[in-house]
């Protein structure tokens, strides 16, 4: 089973960060065009306009590039959540959810082969969520967005609700973008995803049940 590969080193200076960003954006184009098996570091270097040595300076192999592409994708998702959160004043929870679903589907469909690689073909190359700064930021921003609509949400534990919503959101959006149901209009699909998320958040929480004698060991 493939495991995440970290970069050889982290860029410190602005010039180095720009170089790494250029390489990662080139990798996105190469993997989206050729898939995992067809991509290689020589192609990435050519598209980036740098030497292969510059690629290897930061990325020991293409698995490390895929790990960086996962983090790139999470940063894109973070920007989406931040944008929706920034526009949350005066917008209902459903309106914010609909915006997130629509924009996320657009993002996933913009690089279809790369997204399939990241979410379906090689998911084990994703960094652990606890180690990903961008993933933690997505969680915090989503929790902040939900807290703005606390009056509409029935779930008593906001942190748990954030966790569940993000997992539901990821699975439904990935499925809709990569394997949509045949014969279903896109608008109906977006509404169905929104309905599922809203159902969990607003329809009703199951109250905690005290353990009965039969439940106890």
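Per-structure values
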{"quantity": "All positions within segment 10-49 that are in contact with a helix residue (DSSP H, G or I) (Cβ under 7 Å, 6 or more places away or on another chain), modelled with pLDDT of 90 or more and in a loop (DSSP other than H, G, I, E, B)", "calculated": "39, 40"}
{"quantity": "Failed criterion for residue 83 (all others in (1) farther than 20 Å from residue 137 by Cα; (2) in a helix (DSSP H, G or I); (3) modelled with pLDDT of 90 or more hold)", "calculated": "(1)"}
{"quantity": "Long-range neighbours under 7 Å by Cβ, at least six apart or interchain, first residue on the phi < 0 side of the Ramachandran plot and part of a loop (DSSP other than H, G, I, E, B) within segment 117-138, second surrounded by 13 or more Cβ atoms within 10 Å (Cβ to Cβ) and at pLDDT 75 or above", "calculated": "122/36; 122/66; 126/70; 127/67; 127/70; 127/71; 132/71; 132/74"}
{"quantity": "Some residue of segment 99-120 being surrounded by fewer than 16 Cβ atoms within 10 Å (Cβ to Cβ) and modelled with pLDDT under 80", "calculated": "yes"}
{"quantity": "Top-ranked residue of segment 75-102 - restricted to ones that are free of Cβ contacts under 8 Å to residues at least 40 places away in the same chain and touching a helix residue (DSSP H, G or I) at 6+ places or on another chain (Cβ under 7 Å), ranked as nearest to residue 21 (Cα to Cα)", "calculated": "76"}
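The values are calculated or read from the model by the stated rules, or taken from the named source; none is laboratory data. Note that the structure is predicted; figures quoted are calculated from it, not measured. Every residue, glycine among them, receives a Cβ derived from its backbone with ideal geometry; neighbour counts consider all protein chains shown.
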